[in-house]
Amino acid sequence: MRTRILRSSKSRSRFPSPTTLLYQPSRSARGLWGLLPASFSFLNQFFWYRREPLTITSISAQIAVVPLGHLMASTITDKFFFKGTKWEFSLNPGPFNMKEHVLITIFANSGAGNVYAIHIVSAVKIFYRKELTFIVAFLVVITTQVLGFGWAGLFRRYLVEPAAMWWPQNLVQVSLFRRGLRQCLTTS
């Protein structure tokens with residue numbers, strides 16, 4: 001059953017070409033890569049302290065990025081800067097494509113969750129009535145994040161690479177990329 005689900009979410013075509021550059025410095029000029037994770041993280045943390053917290057997921061970013069990417073691809077100038085030098089570039093590298101869309105969604109997914117160490121800082125302030133300085137709170141948060149990503153990197157062979165370790169939320173996103181949003185990306 002699991003292999004049938006995985007097989008149905010795989011692409012049958014090679015759109016875009018695997019030889020297409022994934023990162024071009026001019027693609028970051030569209031501004032979506034850095035703004036989405038920061039804004040999602042801020043909004044999710046801001047709404048976390050409410051009685052009924054509102055959560056903005058990466059699927060909402062995945063859907064919202066398509067019209068924004070097309071808008072920015074059509075409005076940003078095609079003008080080349082530093083023409084004739086080895087630093088020649090354009091702010092608009094071309095149409096909004098699937099690889100760029102996936103990369104923006106990955107960045108949004110990494111920033112959409114709350115930092116768990118914020119709960120530690122909040123518990124110390126609320127229950128123990130101790131004031132942590134900004135430096136101490138920042139070091140606790142950064143240390144837990146770095147340790148978490150470090151452990152994830154160490155166990156990548158066991159948690160990420162085996163095909164049996166696909167999580168259901170990832171299958172929804174892959175299916176949404178392949179089936180639902182392909183038409184939007186190919187029509188531009």
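Taking the criterion of being in a loop (DSSP other than H, G, I, E, B) and either surrounded by 15 or more Cβ atoms within 10 Å (Cβ to Cβ) or charged (D, E, K, R) (or both), would at least one residue in the range 157-164 satisfy it?
Scanning the range 157-164 turns up at least one residue that is in a loop (DSSP other than H, G, I, E, B) and either surrounded by 15 or more Cβ atoms within 10 Å (Cβ to Cβ) or charged (D, E, K, R) (or both).
Residue check: is TYR23 modelled with pLDDT of 80 or more, surrounded by fewer than 16 Cβ atoms within 10 Å (Cβ to Cβ) and of a type outside the set (Lys, Arg)?
So TYR23 does not fit the description; no.
Being modelled with pLDDT under 80, touching a helix residue (DSSP H, G or I) at 6+ places or on another chain (Cβ under 8 Å) and not in a loop (DSSP other than H, G, I, E, B) narrows it down to one of SER28, SER11, so name that one.
SER28
Among the residues that make up the range 89-109, is at least one of them touching a strand residue (DSSP E or B) at 6+ places or on another chain (Cβ under 7 Å), surrounded by 10 or more Cβ atoms within 10 Å (Cβ to Cβ) and over 20 Å from ALA61 (Cβ atoms)?
Scanning the range 89-109 turns up at least one residue that is touching a strand residue (DSSP E or B) at 6+ places or on another chain (Cβ under 7 Å), surrounded by 10 or more Cβ atoms within 10 Å (Cβ to Cβ) and over 20 Å from ALA61 (Cβ atoms).
Restricting attention to helices (runs of 4 or more DSSP H) lying wholly within the range 36-145, give those where 3 or more residues are at pLDDT below 80 and within 29 Å of PHE177 (Cα to Cα).
Filter on the range 36-145 gives 98-112.
What about PHE107, is it touching a residue at least 60 places away in the same chain (Cβ under 8 Å), closer than 21 Å to LEU43 by Cβ and in the same structural domain as LEU43 (by TED's automatic domain parsing)?
Judged against the criteria, PHE107 is a match.
Select from the range 117-151 the residues that are at positive phi and among the aliphatic types (A, V, I, L, M) and list them in ascending order.
Across the range 117-151, there are no qualifying residues.
Could you grab the pairs with beta carbons closer than 6 Å, sequence gap of 6+ or different chains, first residue in the range 77-96 and under 21 Å from VAL66 (Cα atoms), second one surrounded by 10 or more Cβ atoms within 10 Å (Cβ to Cβ) and basic (Lys, Arg)?
From residues that are under 21 Å from VAL66 (Cα atoms), the pairs are PRO93/ARG27.
The values are calculated or read from the model by the stated rules, or taken from the named source; none is laboratory data. The structure displayed is predicted, hence computed values, not measured ones. FYI the Cβ positions are ideal-geometry reconstructions off the backbone, even for glycines, and counts take in every protein chain you see.
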